[in-house]
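J.: Structure in structure tokens, see below.
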């Protein structure tokens, strides 16, 4: 059984609001004890296909987990929040939040392949909006996804994100169209 690491109190605006329950999953801080689960889904080519991050080795992943939420959280900074199964606290994914301005955030999410198709990502993103971003006074949320990533487009649409722009780009050596979707909070 996975034993969660103890967490220390923090004054970081995101971490201070964690954990946030989201049905079968919980939003929580990432921990170095998540290393094996983190590396498993972040090393899966299917999970990584449309992501801006690259798989990393164990040492880089440990450093990433230790500094997943920069303090202070300034414009341009990404913060990563863990998505864990509520029943056993095992990490199944993460949500990335890039602060783009005083009240605007860009959202990204990754979920282990075995955790996909269960509604967990939708529950996690919804809980992130209502439990983290709205209380912090954020008013606008953006997501950018490859047009071929039908699952992410469906999820964002179900959460009332609307397309606002598209751009033809080259991503990982392939021509693609990136769709920007936005939502007011």
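The values are calculated or read from the model by the stated rules, or taken from the named source; none is laboratory data. Since we're looking at a predicted model, the values are computed, not measured. Note that we place each Cβ from the backbone using ideal geometry, even for glycine, and neighbour counts take in every protein chain shown.
J.: Is it true that some residue in region 140-152 is in contact (Cβ under 8 Å) with a residue 24 or more places away in the chain and on the phi > 0 side of the Ramachandran plot?
T.: Scanning region 140-152, I find no residue that is in contact (Cβ under 8 Å) with a residue 24 or more places away in the chain and on the phi > 0 side of the Ramachandran plot, so the answer is no.
J.: Additional query: Filter region 82-128 for residues that are farther than 24 Å from residue 45 by Cα, at pLDDT 95 or above and surrounded by fewer than 19 Cβ atoms within 10 Å (Cβ to Cβ) and give the result.
T.: Result: 86, 87, 88, 100, 103, 104, 126.
J.: Go through region 155-185 residue by residue and tally those that are within 16 Å of the chain's Cα centre (by Cα) and in a helix (DSSP H, G or I).
T.: Within region 155-185, residues that are within 16 Å of the chain's Cα centre (by Cα) and in a helix (DSSP H, G or I) number 2.
J.: I'd like to check something: does region 71-79 contain any residue that is more than 13 Å from the chain's Cα centre (by Cα) and crowded, with 16+ Cβ neighbours inside 10 Å?
T.: The answer is yes, given that some residue of region 71-79 is more than 13 Å from the chain's Cα centre (by Cα) and crowded, with 16+ Cβ neighbours inside 10 Å.
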